[in-house]
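In what follows, a structure is listed as structure tokens, so that the remarks can point back to it.
The values are calculated or read from the model by the stated rules, or taken from the named source; none is laboratory data. What you see is a predicted model, and the numbers here were worked out from it, not measured in a lab. No Cβ is skipped: glycine too gets one built from the backbone with ideal geometry, and neighbour counts run over all protein chains shown. All accessible areas refer to the heavy atoms of the entire protein, side chains included, with ligands and DNA or RNA removed. Shrake-Rupley method; radii C 1.70, N 1.55, O 1.52, S 1.80 Å.
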Amino acid sequence: MADASGYEKAAPWLREQMTRFEKALTEIRTTHAGRPASEVKTALLAASERHGVHIANEVAQFAAERIADGRL
């Protein structure tokens, strides 16, 4: 079984990363909703970098497709 103290140590960092990602998502959802997914993805990756969070290419693609078609 995993040591719970490892999670407790990582939790503040994880929360901070999620907060930064949420800010990037909100920014791009506001400015790029309905635009082509490729354009949204590029903007989302740039916004994530500005907010100091790294997201995987697959996550960016998933979010971009949903922002582009209005599901996110």
Given a Förster distance of 35 angstrom, what is the FRET efficiency for A10 paired with E39, based on the Cβ-Cβ distance and rounded to 0.05?
0.55
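Any idea what the alpha-carbon Rg over 2.2 N^0.38 Å comes to for segment 1-42? Present the calculation step by step, with values, prior to reporting the outcome.
On the way: Rg = 15.8 Å, N = 42, 2.2 N^0.38 = 9.1 Å.
Its radius of gyration relative to the 2.2 N^0.38 Å reference: 1.73.
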Just flag the trypsin sites (Lys or Arg not before Pro) in segment 1-52 sitting in loop per DSSP whose Cβ has no more than 12 other Cβ atoms within 10 Å.
none
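Net charge around E16, counting only other residues with Cβ within less than 12 Å of its Cβ (Lys, Arg = +1; Asp, Glu = -1)?
On the way: positive: R15, R20, K23; negative: E22.
Overall, the nearby charge balance is +2.
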³J(HN,Hα), Karplus 6.51/-1.76/1.60, whole Hz, each residue of segment 58-67, x for Gly, Pro:
5, 5, 4, 5, 4, 5, 4, 4, 6, 5
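How much accessible area per residue does segment 13-72 have, in Å², with a 1.4 Å probe?
Values: 3800 Å² over 60 residues.
Accessible surface, normalised per residue, equals 63 Å².
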Go ahead and estimate [θ] at 222 nm for the chain from helices alone: -39,500 (n - 2.57) per DSSP H run with n ≥ 4, summed, over the residue count, rounded to 500.
-26000 deg cm²/dmol
If I histogram all Cα-Cα distances within the chain using bins 10 Å wide from 0, what percent of pairs lands in each bin?
22, 44, 20, 12, 2
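In whole percent, and with a 1.4 Å probe on the protein chains, what portion of the accessible area of the chain is carbon and sulfur?
Numbers: 2850 of 4930 Å².
Whole-percent figure for carbon plus sulfur exposure: 58.
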